[in-house]
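Take a look at the structure set out below.
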Amino acid sequence: MRPAAKKLLTPATIPHFRERLLGWFDKNKRDLPWRKNRDPYRVWLSEIMLQQTRVAAVIEYYQRFLKKFPSIERLAAAREASVLAAWSGLGYYRRARMLHAAAKQVVKEHKSQFPSTAEELRQLSGVGRYTSAAIASIAFDQPVAVVDGNVERVIQRLLGKNLADETIWQKATNLLSTKRPGDFNQAMMELGATVCTPRQPSCLLCPVEQFCVARGEIKLEEKKVPQRKQEAFYALNRRRDGILLKQRPHTASLMPGMWELPEVTNPNGTKVLFTLKHSITVTDYTVRVLEGAGLQNAGAKWIAPSKLDRIPLTGLTRKILKAAGW
Ligand code: SF4
């Protein structure tokens, strides 16, 4: 049996909790490129990229994207195809389109200056409750709490129970340090990402263990969506000066306007060059790549290798071309 908690979260202990958490964050925070300064453009870009994507996967894209579009004005003035090409491989392309639209909004409606409050930020395309609070607190020191999956888990464990979404936002607001709101929000997320992890929280290393009811013991409700399984076939037609690609319709609900290998609906009798696995949202695909000129598809075009970097390719197409040695 574990010893009774000595000092749980109460209005009297919350200041000490903040102190412990911020002290730990100051010493242990990861050195991430978007933490170099508090420029709202950089903070915003990182928050959009980090939605549904792991930190390790984002770092390289983030740096490359900033090099190509170093300012909000450059991003707003870019063609959509260039923005999608720079995003290619990160997935969830709707984010890139919304990012582009928001850049135009900031330039046009706010004279290139990011609004500083969460309410105003929320008017920007692709910026919801979490993202507006993250930018307002990190870039502008506004006292607004954030709740993402990490914060949600930490709060439920600290309080030792499953809570409704709105209650978690309220609890996060009660805990927030109004002196250092941006750092506090990042510290809560960092704690969830590195110590209070989903499966095996490192309670012995936790800076706020003394305030925690669950100490890793709570069974949180998993919001898991079952993965579907599906098979897909794509034609790989190559010649020395190019590769045959097809643009997805601009009206497609998934990845509109992006380029991919022509999909094959009737692969009967065609040689399979290789097979790979690919997951998109809730579907796990077994992808079979076929070779043969007979698989040419109406509307497909030969694209020169030198142009591949400049057109928005789907993540799966990049994966196939890499596996094929392009
Ligand atoms: Fe999470 Fe364990 Fe820390 Fe509680 S003590 S917040 S469960 S890491």
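The values are calculated or read from the model by the stated rules, or taken from the named source; none is laboratory data. Since we're looking at a predicted model, the values are computed, not measured. Cβ coordinates were reconstructed from backbone atoms using ideal geometry, including for glycine residues, and neighbour counts include every protein chain displayed. Note: areas computed on protein heavy atoms with side chains; ligands, DNA, RNA excluded. Shrake-Rupley method; radii C 1.70, N 1.55, O 1.52, S 1.80 Å.
Label-to-label distance for Glu60 and Val272 is 2.8 nm, based on points extended 7 Å past Cα in the beta-carbon direction.
Dipole of the stretch 120-166, Cα-centred, from +1 at each Lys and Arg C-beta and -1 at each Asp and Glu C-beta, to the nearest 20 debye? Walk me through the numbers on the way to the answer.
Numbers: 5 positive and 6 negative charges, 37 e Å.
The dipole of the stretch 120-166 has a size of about 180 debye.
What separates the Cα centres of the stretch 267-326 and the stretch 63-122 is a distance of 28 Å. Dipole magnitude for the stretch 228-323: about 200 debye, using +1 per Lys or Arg Cβ and -1 per Asp or Glu Cβ, origin at the Cα centre. Taking 7 Å steps out from each Cα toward its Cβ at Gln210 and Arg30 produces label points 2.8 nm apart.
Past 23 Å, Cα to Cα: identify those pairs from Lys301/Lys322; Lys29/Lys68; Lys161/Lys229; Lys68/Lys111; Lys104/Lys319; Lys246/Lys277, in the order given. Mind dumping the intermediate values first?
On the way: Lys301/Lys322 19 Å; Lys29/Lys68 27 Å; Lys161/Lys229 34 Å; Lys68/Lys111 21 Å; Lys104/Lys319 31 Å; Lys246/Lys277 21 Å.
Over 23 Å Cα-Cα: Lys29/Lys68; Lys161/Lys229; Lys104/Lys319.
The angle between the Cα long axis of helix 129-140 and the main principal axis of the chain comes to about 70°, on a 0 to 90 degree scale.
Out of the total accessible area of the stretch 228-323 (probe 1.4 Å, heavy atoms of protein only), what percent is carbon and sulfur?
49 percent
In deg cm²/dmol, rounded to 500, what helix-only [θ] at 222 nm does the chain give when every DSSP H run of at least 4 residues adds -39500 (n - 2.57) and the total is split over its residues?
Details: 12 runs with 131 residues, N = 326.
Value at 222 nm, helices only, nearest 500: -12000 deg cm²/dmol.
With the charge dipole of the chain set up from +1 on Lys and Arg Cβ and -1 on Asp and Glu Cβ about the Cα centre, the Cα lying farthest toward the positive end among the listed residues Ser125, Leu316, Tyr62 is that of Leu316.
Take the Cα of Leu8, go 7 Å toward its beta carbon, and the backbone nitrogen atoms of the stretch 127-165 under 15 Å from that spot belong to 155-163.
Each Lys and Arg adds +1 at its Cβ and each Asp and Glu adds -1 at its Cβ; summed about the Cα centre, the chain shows a dipole of about 660 debye. Full extension of the chain between Thr197 and Asp39 gives 54.0 nm of extra length, using 0.36 nm per residue less the Cα-Cα distance. For Lys307 and Ala101, the FRET efficiency from 1/(1 + (r/R0)^6), where r spans their Cβ atoms and R0 equals 22 Å, is about 0.30.
Measuring nothing but alpha carbons in the stretch 228-323 and taking Rh as the Kirkwood radius, the Rg to Rh ratio lands at 0.94.
Spacing of the modelled spin labels on Ala298 and His250, each 7 Å from Cα toward Cβ, amounts to 2.0 nm. Probing with 1.4 Å while keeping every protein chain in the model, the per residue accessible area of the chain equals 54 Å².
Provide the gained length on full extension for the span Arg79 to Lys161, in nm with one decimal, where the gain is 0.36 nm per separating residue minus the Cα-Cα distance.
Values: separation 82, 0.36 × 82 = 29.52 nm, distance 4.81 nm.
The Arg79-Lys161 span can extend by a further 24.7 nm.
What a 1.4 Å probe finds exposed on the stretch 116-164 is 44% carbon and sulfur by accessible area, rounded to a whole percent. Size descriptors for the chain (Cα atoms only): Rg and Dmax, in that order, 23.3, 74 Å.
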